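These notes concern the structure reproduced below.
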Amino acid sequence: MSLTECDCSTYIPFQKTGFFSTIMCDYLQKSDKLTSFYGNFPSIENFENQIKLKQQTFSKDTRDILVGALKRQYQRIDISEKTAKNFELLLKENTFTVTTGHQLNLFTGPLYFLYKIISAINLAEELSLKYSNANFVPVYWMATEDHDFEEINYFNFKGKKVQWNSDQTGGVGRFSTNGLDRVFEEFQNYLGTSRNATFLKELFTNGYLKHNNLADATRYIANELFATYGLVIVDADDVELKKRLIPYVKEDLFNETSFKAVSGTNEELEKNYKIQVNPREVNLFYLTNDLRERIIFENDKFKVNNTNIEFSKDEIEQELENNPERFSPNVIMRPLYQEVILPNLCYIGGGGELAYWMQLKQYFNTVKVPFPILLLRNSVQVISKKQFRKLESLGISVRELFLKQNDLLKKKVTENSNVSFDFSAQKKFLEKQFNKLREIANQTDVSYVGAVNAQEKKQSKGLENLEKRLLRAEKRRQSDVVNRIINIQSEILPGLGLEERKRNFSEYYLEYGDDFVVALKDKLKPLQLEFFVLVK
């Protein structure tokens, strides 16, 4: 089945969905409370400054090392002509990257994996049109050193949880793919025998059953989906790339540089917002094939948590020089590592990611690494034409779809009734009457003011309860409409949350094939800074 987009597709402000944090809404509105926590704001014009900033600091040596690492990592991958060209362009001093990162979720995990990468691809293309004297390469940074296996070992398919169980430990990129054949046996039973089902089966088997570790499998799958657009996939768990991080690791080990800088930032940021991450005195893990544990400085020794491994200051410095691949940055240092090894201009992420990036601006300044532009990734809600017609028949607009369910029901039940259940006017009248009573009490006996206040509270509560009871009665009278509203909203928003955080791309690929990716690629505009509703 082909996907044809309806002209009902639309953008709406992120703020109107109710699903985005205060800090992200303030960021998009350029609130003065946040200006000190980021650099250039994501507009097409501001990339000119970012290009100059990065060009002044990124070396030819690092470009050579980066491209050498990429070519090694792609040895077993059929590289597209456009990606191969991007490798060569990365050697040039006028080539820059726009980057997004994501965990190695099983079969890409939630839908927004696609939206992140398409945002990067489209931004690179938009920059190429604006700045013809430079080249721009979209990059997907694989979180291969992550160790939170429980966050990535499953995906959802049509309400079913497809899960991989494994007792492996350490950085997930090094995990053996053993056992994923059993996952495939379960998954293929849901797919059927269509052409698109065959593609999904082959993508899964070629990715997971023909590669030995999770990093290689994930690279294969992302490359199959996006190589035609020139996507470059980076695995930073690489000894040559880690060598570029050595000076910054020393700063963290011996001077607590990131801890001091981020702690200072947090003191300021938490005056208005919730802090996402807290720094440690040492923001590094010790990494081996089956181990990723925190490095702790204790009693003048550097110790690896939950092990007997320990180093003196001289010994850990020697270990770093000899085996830099064993030092893995945590959430505080990982963004710095990215900006050290990539000629990067912009990081594209979700709201939670960008919130913790904002905690790092002073740290970047301290170590003299340019801070990238932060861009909130595209977000998408897919609505079928059939679902859209149901919304229309219920008088629900696209914006109203994102209301809290109780608010939506109240609004629509009230609209469909001849009686108003909004007692705002009565509440204002009541407030006015009790204000007069308070004036009388103050003029006669002030001790009666408390009694007046108590009576006002009682009367207001009575009005609220009456309002709720009448609304419940009207909901019962309109039970058919209420149930239809509940069903359609819950169908479009699983768990009354954004589908992009719940569903897997395979649900839509099974129905629409590559047309789904093409439609997203065609319509998503990363610098528009709005939420997209795709009616198909």
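Taken over the stretch 278-326, the criterion of being exposed (fewer than 15 other Cβ atoms within 10 Å of the Cβ), without any contact (Cβ under 8 Å) to a residue 24 or more places away in the chain, touching a helix residue (DSSP H, G or I) at 6+ places or on another chain (Cβ under 9 Å) and among the acidic types (D, E) is satisfied by D300 alone.
Which of the residues belonging to the stretch 498-510 are surrounded by 17 or more Cβ atoms within 10 Å (Cβ to Cβ) and in a helix (DSSP H, G or I)? Selection gives E499, E500, F505, S506, E507, Y508, Y509, L510. Filtering the stretch 83-104 to residues that are closer than 17 Å to M142 by Cα and in a loop (DSSP other than H, G, I, E, B) leaves Q103, L104. Being under 19 Å from G170 (Cα atoms) and among the polar types (S, T, N, Q) holds for only one residue in T257, T307, and it is T307.
Scan the stretch 371-395 for residues that are surrounded by fewer than 21 Cβ atoms within 10 Å (Cβ to Cβ) and part of a loop (DSSP other than H, G, I, E, B) and the total you get is 3. Just one of the listed residues (E339, E325, E256, E319) is touching an Asp or Glu at 6+ places or on another chain (Cβ under 6 Å) and under 22 Å from E145 (Cβ atoms), and it is E256. Here the condition is being under 17 Å from Q387 (Cβ atoms), in a helix (DSSP H, G or I), free of Cβ contacts under 8 Å to residues at least 12 places away in the same chain and not hydrophobic (A, V, I, L, M, F, W, C); of G450, G462, G495, it holds for G495 alone. Would you kindly identify the helices (runs of 4 or more DSSP H) lying entirely within the stretch 4-82 that contain at least 3 residues that are surrounded by fewer than 14 Cβ atoms within 10 Å (Cβ to Cβ) and over 27 Å from the mean Cα position of the chain (by Cα)? Counting at least 3 such residues, we get 60-73. Looking across the stretch 274-289, the residues that are in contact with a Lys or Arg (Cβ under 8 Å, 6 or more places away or on another chain) and not polar (S, T, N, Q) come down to R280, V282, L284, F285, Y286, L287. Taken as a whole, the stretch 327-337 holds at least one residue that is modelled with pLDDT of 95 or more, under 17 Å from the mean Cα position of the chain (by Cα), surrounded by fewer than 20 Cβ atoms within 10 Å (Cβ to Cβ) and not in a helix (DSSP H, G or I).
The values are calculated or read from the model by the stated rules, or taken from the named source; none is laboratory data. The shown structure was predicted, so the numbers you read here are calculated from the model rather than taken from an experiment. Reconstructed Cβ throughout: ideal geometry from the backbone, glycine too, with neighbour counts over all protein chains shown.
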